[in-house]
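What follows is a set of notes on a single structure, which appears directly below.
The values are calculated or read from the model by the stated rules, or taken from the named source; none is laboratory data. Since the model is a prediction, treat every value here as computed from it, not as a measurement. Here the Cβ positions follow ideal geometry from the backbone for every residue, glycine too, while neighbour counts run over all protein chains shown.
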Amino acid sequence: MDSREYDVVVIGGGIIGLSTAMHLKEDKYPNWRVAVVEKDEELATHQTGHNSGVIHSGIYYRPDSQKARFCVAGVKSLLRFCDENEIEYERCGKVIIAIDESELGRLESLHERGTANGVEGLEMIGPERLKEIEPHVAGIRALWAPGTGIIDYRKVALTYANRFQQAGGDVFTGAAVRRIVRSQGSLVLETETGDLRAKHVINCAGLYADRVAQMMGEGRDVRIIPFRGEYYTLRPERHHLVSGLIYPVPDPRFPFLGVHYTRNIHGQVEAGPNAVLALKREGYRKQDINPAEAMGTFTFPGFWKMSMKHWKTGLGEIYRSYNKRVFVRDLQRLIPEVQAEDLAPGGSGVRAQAVSRDGAILDDFHILRGREAVHVLNAPSPGATSSLAIGEHIVELAAEAFGDA
Ligand SMILES: Cc1cc2nc3c(=O)[nH]c(=O)nc-3n(C[C@H](O)[C@H](O)[C@H](O)COP(=O)(O)OP(=O)(O)OC[C@H]3O[C@@H](n4cnc5c(N)ncnc54)[C@H](O)[C@@H]3O)c2cc1C
């Protein structure tokens, strides 16, 4: 084989692509030539490097969904992996808080879901116990998830990359895949740093996964709609207001969890993220616009169908994004003592959320198996928590599709 010829090329060096590559090389196909191609100069700088850093326990997701299965299994594998590879994490626990009576039914449903999903240690608690765990919160009842934790997912992803390379895999950075053509029985991936040949492709391109699938004529029924999540950071003098992770009861119509407080593994306390339509796929700032990408969103029929259903929430998110007062008011529902001057603008992340042609926001992970490719078309939260389980699943799909040759 020529030095740029591979059995499998994984497109995208985020946590999912790197987990998949590691599983391929370490477990399934040690003798295959496998490469990861990443468009940026560094690995894991997009969703993997811009998230809340929470190790979710698996409460929110519909029983039998891939999110439920991969999250619950993924946590176990992730913690084992971190112990073996000396990656720091902390199981600080999380409370989901009902502020008033109207939220009690939904909180109870979350308890039932989490229990059905096999999440260990879940407990419904009253206000006294809640005050022991989080002394500064409001709330009449809460769901306590002691196993939920915090971690640096970029560190995890870079460790997957190291293990992959140690097993003999190649990583190309600064190599955006621009076009994929079929030639002489294989796929030619045209990248910024030259062509690569592959028998098979695994598409883990995150915010661009739909584009990459389209390069192979697949996945036309969904579009990635980018939703920016903006954070504030709590001033260090006010860190004592948050012991662990403090969440509201979410709106069940959306896959987003509502603005919450997160103590991260580096010791900062963040508040957010909201969920605002982004006009650029990697648009981390409000003013970021990419006209071609925005047009891509606006010309997709599913976007308008989704907007018709959820326009009120969407406008509310935009309004809150530009009005700190409104953001603070929502945060004060959870911790009344928090004041606007306690919060400074923080970072942001952009979620790759797939929407179908009929306007449905895809609730579950969506991984499509083609003949010569596997496409990961929807892997939002809890994708990082689930990364090892998703990687294993992709490798199983790949083995079914690609066989041994
Ligand atoms: C605001 C926010 C908060 C979140 N919080 C959590 C959380 O607390 N816990 C949790 O479990 N999950 C969380 N998530 C979800 C989690 O971050 C994602 O599920 C996970 O990072 C997805 O990883 P990925 O590898 O699919 O995507 P990415 O990390 O985005 O990686 C995709 C990679 O593909 C590359 N790429 C794209 N196009 C090309 C191309 N043409 N050629 C080559 N390379 C290409 C990109 O540069 C990128 O590096 C959050 C996400 C966001 C945005």
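Taken over the stretch 20-49, the residue count meeting the criterion of being within 10 Å of the ligand (Cβ to nearest atom), in contact with a Gly (Cβ under 7 Å, 6 or more places away or on another chain) and closer than 24 Å to K76 by Cα is 4. Here S52, S57, S3 are screened, and the one residue that is more than 9 Å from the ligand (Cβ to nearest atom), part of a loop (DSSP other than H, G, I, E, B) and within 19 Å of the chain's Cα centre (by Cα) is S57. Those strands (runs of 3 or more DSSP E) of the stretch 220-268 in which 3 or more residues are of a type in the set (V, I, T) occupy 222-234. For G359, the conditions (1) part of a loop (DSSP other than H, G, I, E, B); (2) crowded, with 23+ Cβ neighbours inside 10 Å are fulfilled apart from (2). Of E230, E237, all but one fail to be touching a Pro at 6+ places or on another chain (Cβ under 8 Å) and not assigned by TED's automatic domain parsing to the domain that holds A176; the exception is E230.
Here the condition is being touching a residue at least 60 places away in the same chain (Cβ under 8 Å), assigned to a strand (DSSP E or B) and surrounded by 19 or more Cβ atoms within 10 Å (Cβ to Cβ); of V119, V95, V137, it holds for V95 alone. Just checking, does the stretch 342-350 include any residue being farther than 30 Å from A205 by Cα and surrounded by 17 or more Cβ atoms within 10 Å (Cβ to Cβ)? Checked the stretch 342-350: at least one residue is farther than 30 Å from A205 by Cα and surrounded by 17 or more Cβ atoms within 10 Å (Cβ to Cβ). Checked against (1) surrounded by 15 or more Cβ atoms within 10 Å (Cβ to Cβ); (2) assigned to a loop (DSSP other than H, G, I, E, B); (3) of a type outside the set (D, E), L130 passes all but condition (2).
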